[in-house]
Amino acid sequence: MPSTTRNIDDFLKREIVLTHDPDDQQQLDPDLLLNLVEAIFSCMGENPIDFDQEAFFDYDPSEEPICRTIYKMLARCIGGEDLHRSTLQLLEMLGPFRWDAKMVVALASFTRSYGMFWLVLQMQSENALSLLLAVVRRIPNTMTFMRPRFKALNLLVETILRLTRLLISYESWSAMHEMVDDQDREITRSKICLASYWICRSLLVCFSQIADLRNFSLECSDRAVVAAWGLYSLGNKLSSLCSDLGECIDRCKQQIERRLYEKLLHVFKEKGDDNQKALHPFFAWQDEFPFKDCSSNKIGILELKSKIVLLLITKPDLLPLDKAYFLVQQTTGAEDFVVLWVPVPSTNGWSSAAKTSFEFFSTRVPWLSVRRPWSLHPAVVSFFRQEWGFGDEPVLVVLNEDGLVSNTSAMDIVWIWGARAFPFTSSRERELWEQANWTVGLLVDGISPLLSQWIEQGRNLCIYGGDNIDWIRKFSKKIKKIRALGFDLEAVYVGCKNPGESVRSMIHTIDEEDLSSSITFSSVDFFWFRLETLKRSIGQQDRACRCDEIAARVGELLDSGSKDGWGVIGRGWSKDVVMLEQGVLEQGLEALQMWRGNEMVTDLAGALRAALEAAFDVGGCRHDEVVEYEEGLAEKTKICGSCRVPMEKFVVYKCEA
């Protein structure tokens, strides 16, 4: 840059800086107001963008007086001989605002004039009121000969919008500017000053052009040609500024992202007095009230002080409705912890559909939510993905009262145990598994209200599944015969793994023919999801955790999920549980009908086991499928592949003659 030009720019920057007198009391959301301005300008074009009216409900009407004041200022500057002085006067009026807010307020003021002009111009042929307003405002009744100037004007406005969006992207992270190298920060600040000046100057020119368009008799004159070229020249000037400023802001953003990520890596390494130091770098750089409740009330991080915080990181559509409802159940009713929902889209940007999903769910779940999740810094999102493993599946991270991470994968423990898992640490998960037993209650807890009621009442339950309706009908008859023996037994159909329309049809048939009880189709999927969760949670425990029997039984049940028929019989939280596959299950029920034991057996599982033992004592099960089973046994034991009971060892001698 030549020294003369540099000196002129330095002098201009000093003049601009003198107009800047920011006032913290001037609260304005530039991003929201710019979205509104962009939506208005898009409606003037051939391809208007889709926008959600509710997205602008947060617009504060108190911002309108300053827009009217700037509008009057713009109007006074029309025809002024000293455009430079008028621009500085406009910047002085905008002095109390931040740099990004200055430009958005000025843009909104111009939009008020341009939007009204465009609306009357388009509607005057269809609406009598618009026609009369066009006469009063001296607006021409055709735009054919105005197209060249409109084209130049619209291109200039588009460039102003892009440049303003750049200013907002930088100023929105003003609290992080200290992370930028001094030289880069000063260069960027200098270019922002110049960009603000040229945006205001361009808006003054645009405003005067709108007024001049009313004098349509002059459109064919040399003045009209000069005006169009003047608009193109300003557009080129702003486009160059936009390119230079964009490069500077990109460098600053890279530095901020790298240093913020490093800060996040170290924030959990030192124990603090509370969780505020840990929460702030994630959520509170831009806003003192970064969260909201289901009533959309603003919540600050201070309200989370001295509480355990469960960070639920998911996509904006949260979870399937049945799982979301169950997760709400599992996290409701306790005051010692807070669930904070952090929605993160799978792509880099937020679509209108993603924002709609977030707004829908955030007002319906009883948790706190990040109020504007699309404003999360990219470094924070990268941290979620790289350090906490967030991808397609939801992640639940637990921060204790001191702000330390006590569990980065608490999703399973909450699915299984709910609030009983408090404080949701890995050690608490292991403790719960060491206390757990193989019971029917463990399998179906929370799957349906009726099942939960029967579990708590300690009733005998037969949880069964399969995809053969003929077998289910025969099985139902045997269950009814067992009831006739005096046993209190409820059979509940839970479908099969990966249920399809055939399972939905069978549930309908079972209910219609009153074959047994059943859970809903959505609950079928959730039952098998619970089994997968049990298996995954157990697999994360070390070998010292004594839950091998549960792991083996859950694995067998998952393997049986795609077979013809199977059943698990037990009572509530009793450890006496019998699990049998189709052939042995039928054999056991038949044996139970004929069984006459000398000892009283108080529960059905015990009676069934005794009946099977009696049947095997007589002639054995006659199955020939053999598997080796080592877990939990001192030496290799042969197990009947169908009955899942130990096989006796026999020695056979054969004559070789």
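Structure summary
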read-out	value
Accessible area of residue 13 in the full protein assembly, 1.4 Å probe (Å², nearest 10)	50
Long-range HN-HN contacts of residue 344 with modeled amide H, under 5 Å	314, 315
Whole-Hz couplings from phi, Karplus 6.51/-1.76/1.60, listed for the range 150-156; x for Gly and Pro	4, 4, 5, 5, 5, 5, 5
Accessible area, probe 1.4 Å, largest first, for residues 569, 469	469, 569
Nearest-0.05 FRET efficiency for residue 237 and residue 181, computed from C-beta distance (R0 22 Å)	0.20
Protection-proxy order for peptides 244-254, 291-301, each taking the mean of Cβ atoms within 10 Å per residue, highest first	244-254, 291-301
Probe 1.4 Å - accessible area at residue 415, Å² to nearest ten	10
FRET efficiency estimate (nearest 0.05) - Cβ-Cβ, residue 122 to residue 162, R0 35 angstrom	0.90
Distant-in-sequence amide H partners of residue 318 (H built 1.01 Å from N, under 5 Å)	none
Solvent accessible area, Å² - residue 306, 1.4 Å probe, full protein context	80
For the range 315-380, accessible area per residue (1.4 Å probe, heavy atoms of protein chains only), Å²	46
Packing rank of 419-431, 263-275, 456-468, where each peptide gets the mean count of other beta carbons within 10 Å, highest leading	456-468, 419-431, 263-275
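The values are calculated or read from the model by the stated rules, or taken from the named source; none is laboratory data. Predicted, not measured: the structure shown is a model, and the values here were computed from it. Note that we place each Cβ from the backbone using ideal geometry, even for glycine, and neighbour counts take in every protein chain shown. Areas reflect the complete protein model, heavy atoms only, side chains present, ligands, DNA and RNA absent. Shrake-Rupley method; radii C 1.70, N 1.55, O 1.52, S 1.80 Å.
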